[in-house]
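Report on the structure given below.
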Amino acid sequence: MRMKLPLRAAFAVLCLLPALAFAADAPAPVPNKGDTAWMLTSTALVLLMSVPALALFYGGLVRSKNMLSVLMQVFVVFSLISVLWCVYGYSLAFTEGNAFFGNITSRLFLTGLGDPFKGEWSLGATFSKATPIYEIVFVGFQATFAAITCCLILGSIVERIKFSAVLIFMVIWFTFSYLPIAHMVWFWPGPDAYTDASKVDALNASAGYIWRMGALDFAGGTVVHINAGVAGLIGAFLLGKRLGYGREVIRPHSLTMTMIGASLLWFGWFGFNAGSALEANASASLAFLNTYLATACAVLSWTFAEWIIKGKPSMLGAASGAVAGLVAITPAAGNVGIPGAFVIGLAAGVICLWGVTGLKRLLKADDSLDVFGVHAVGGITGALLTGIFNAPSLGGPGSVQDWVTVTSGYPGIAAQLLIQAKAVGITVVWTAVVATIAFKIADLVVGLRVTDEQEREGLDINSHGESAYDY
Amino acid sequence: MKLITAIIRPFKLDDVRDALSQAGVTGITVTEVKGYGRQKGHTELYRGAEYVVDFVPKIKLETAVPDARVDVVIDAIVESARTDKVGDGKIFVTPLDHTVRIRTGEIGDDAL
């Protein structure tokens, strides 16, 4: 049985039922109930990754005086981006436009998704021909991706940033970095459009800039993790260090919550990665097991490396290893075989440990919760290794090279690695520029930091007027 | 009257309380405190950040006793709190001017 593992890409609007543009005598394909059920489930799983998983993971790592500010930032940013997604975000990311943006009017306020009264629904493509899913399911699934990506950045800027500055930054960065990167990497016309060799060039030209290059990003190594990780580092530089950083003891107030958060992230990530197959099929199953295995590998490699280098295996290390493994396997999930999952997981644990220690010292920024060291470094590790372990000779599935005949192939390790590196490079530069501008604008409008007195006393009392704990 | 303040290891609290009961002490006040003396702290490592935590958790125990009972009470604490290792703690004795039992208004030794 040939495993069908196409390029991780986006979604294409086919057309409104019942006027499907298939051959007149063939019955129009309808969404499979299993696919629909799986994608709805995955969407809810990815929501869980932000609230409460990421909020608890981050919240446990700050001092108790700032606990609520972290929970609040995650909760509200998640909601803000979800709303913006439904207003204009989805339309800009996942409709046909140019190489960088979709068309803002196509799905503005989610118009055109169907008519509930008539029971007619717009359908979108998956990675299999004649296997559509309801577009409205895809809108929700991708909403949770946009929202968690923005929330990830918060880890770099916590314990000192103004709440209003967070919101201003997020609106700008989401619009000008998340949306175009998602469009560039994931938007394509869908497999059903590829009916004839003569149409291929025009169809490819309508896809996103990075998708056209043949870059592999199953669930968001570039779009989510590198995008957010680099933006976080920029924020840490522009915001400056927390008061007392490097001189006073600034330690996590509850690694118990951090462990709970990391575990819930692992759980929710099955929706993130396996859901990115867009179907309940073999690709989703492979992505699921790779996500499971690589994460466990990264827990072990981080833990043992820390034990050897630092003397003790720490709970924070194990939890960080899990997140590093999850991040690194994200672009690879359905794009590599089991051997790839072993290597990517083991590599991510050790490389990200370096990311939060040696590399962090070199960078000299107070990237408070190591968003860059884990998400950008892990994302780059995963994105590059995806290019290697996609190779059929290394147990990988290759990728579909011809969507007319749905024929898989692999351009060679050097060629694919170069494509992956270009995708990483474009993402790093793009998000760095947008993040810099977005933080500068927030600084001009409201200022980035709370006052020193407020920072000393804590953001919970000063920004939100409440305390996390009554003791 | 004297106020006896003892800084002891947290895990010795039950032993000390039992010994004080045997010595006739009818009431003590206990506070969880942190401090440092000759006992060294420890280092904690959170990813790349290493902190030396100088302050060691201790229990501060206070009891007021008549002058005649001071030596007995001190002996009871010393015997029950001692492990012979650095960090066993200290006992401070301070004079007490006045004591009042709030419920009855009794004063002095009667209030103890």
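Numbers for the structure displayed
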{"item": "Region A:120-171: number of residues that are on the phi < 0 side of the Ramachandran plot, part of a loop (DSSP other than H, G, I, E, B) and of a type in the set (A, V, I, L, M)", "result": "3"}
{"item": "Qualifying residues in region B:27-46 (those that are within 17 Å of the chain's Cα centre (by Cα) and among the hydroxyl-bearing types (Ser, Thr, Tyr)) - the one farthest from B:Thr5 (Cα to Cα)", "result": "B:Tyr36"}
{"item": "Positions within region A:229-254 being charged (D, E, K, R), more than 11 Å from chain B (Cβ to nearest Cβ) and over 16 Å from A:Lys360 (Cβ atoms), in sequence order", "result": "none"}
{"item": "Residue in region A:280-298 that is surrounded by fewer than 21 Cβ atoms within 10 Å (Cβ to Cβ), modelled with pLDDT of 95 or more and within 14 Å of another protein chain (Cβ to nearest Cβ) present", "result": "no"}
{"item": "Those residues of region A:322-376 which are under 17 Å from A:Tyr58 (Cα atoms) and of a type in the set (Ser, Thr, Tyr), in sequence order", "result": "A:Ser368"}
{"item": "The listed residue being surrounded by 18 or more Cβ atoms within 10 Å (Cβ to Cβ) and without any contact (Cβ under 8 Å) to a residue 24 or more places away in the chain, out of A:Ser82, A:Ser50, A:Ser69, A:Ser91", "result": "A:Ser91"}
{"item": "Test set (1) over 16 Å from the mean Cα position of the chain (by Cα); (2) part of a helix (DSSP H, G or I); (3) within 14 Å of chain B (Cβ to nearest Cβ) - A:Pro313 fails condition number", "result": "(2)"}
{"item": "Given (1) in a helix (DSSP H, G or I); (2) among the aliphatic types (A, V, I, L, M); (3) surrounded by 19 or more Cβ atoms within 10 Å (Cβ to Cβ), number of the condition A:Ala207 does not satisfy", "result": "(1)"}
{"item": "Some residue of region B:20-33 being within 14 Å of chain A (Cβ to nearest Cβ) and either modelled with pLDDT of 95 or more or not in a helix (DSSP H, G or I) (or both)", "result": "yes"}
{"item": "Scan of region A:127-151 for residues that are closer than 17 Å to A:Leu54 by Cα and out of contact with any Leu (no Cβ under 7 Å at 6 or more places or on another chain), ordered by number", "result": "A:Ala143, A:Phe145, A:Ala146, A:Ala147, A:Thr149, A:Cys150"}
{"item": "Residues located in region A:397-417, provided they are surrounded by 15 or more Cβ atoms within 10 Å (Cβ to Cβ) and in a helix (DSSP H, G or I)", "result": "A:Ile413, A:Gln416, A:Leu417"}
{"item": "Within region A:418-465, tally of residues that are assigned to a helix (DSSP H, G or I) and free of Cβ contacts under 8 Å to residues at least 60 places away in the same chain", "result": "9"}
{"item": "Test result for A:Gly379, within 16 Å of A:Leu152 (Cβ to Cβ), at pLDDT 95 or above and more than 14 Å from chain B (Cβ to nearest Cβ)", "result": "yes"}
{"item": "Subset of region B:34-44 [part of a loop (DSSP other than H, G, I, E, B) and more than 14 Å from every other protein chain (Cβ to nearest Cβ)]", "result": "B:Gly37, B:Arg38, B:Gln39, B:Lys40"}
{"item": "Among the candidates A:Trp302, A:Trp266, residue that is touching a helix residue (DSSP H, G or I) at 6+ places or on another chain (Cβ under 6 Å), within 14 Å of another protein chain (Cβ to nearest Cβ) and at pLDDT 95 or above", "result": "A:Trp302"}
{"item": "Residue list for region B:45-60, filter: at the interface with chain A (Cβ under 8 Å from one of its Cβ atoms) and among the charged types (D, E, K, R)", "result": "B:Arg47"}
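Per-residue answers, yes or no, for (1) farther than 20 Å from A:Gly155 by Cα; (2) touching a helix residue (DSSP H, G or I) at 6+ places or on another chain (Cβ under 6 Å); (3) away from every other protein chain (no Cβ under 11 Å); (4) of a type outside the set (A, V, I, L, M):
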| position | (1), (2), (3), (4) |
| --- | --- |
| A:Thr330 | no, yes, yes, yes |
| A:Gly334 | yes, yes, yes, yes |
| A:Gly345 | yes, yes, yes, yes |
| A:Gly349 | no, yes, yes, yes |
| A:Gly355 | no, yes, no, yes |
| A:Ala365 | no, yes, yes, no |
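The values are calculated or read from the model by the stated rules, or taken from the named source; none is laboratory data. Small disclaimer: the values here were computed from a predicted structure and weren't measured. No Cβ is skipped: glycine too gets one built from the backbone with ideal geometry, and neighbour counts run over all protein chains shown.
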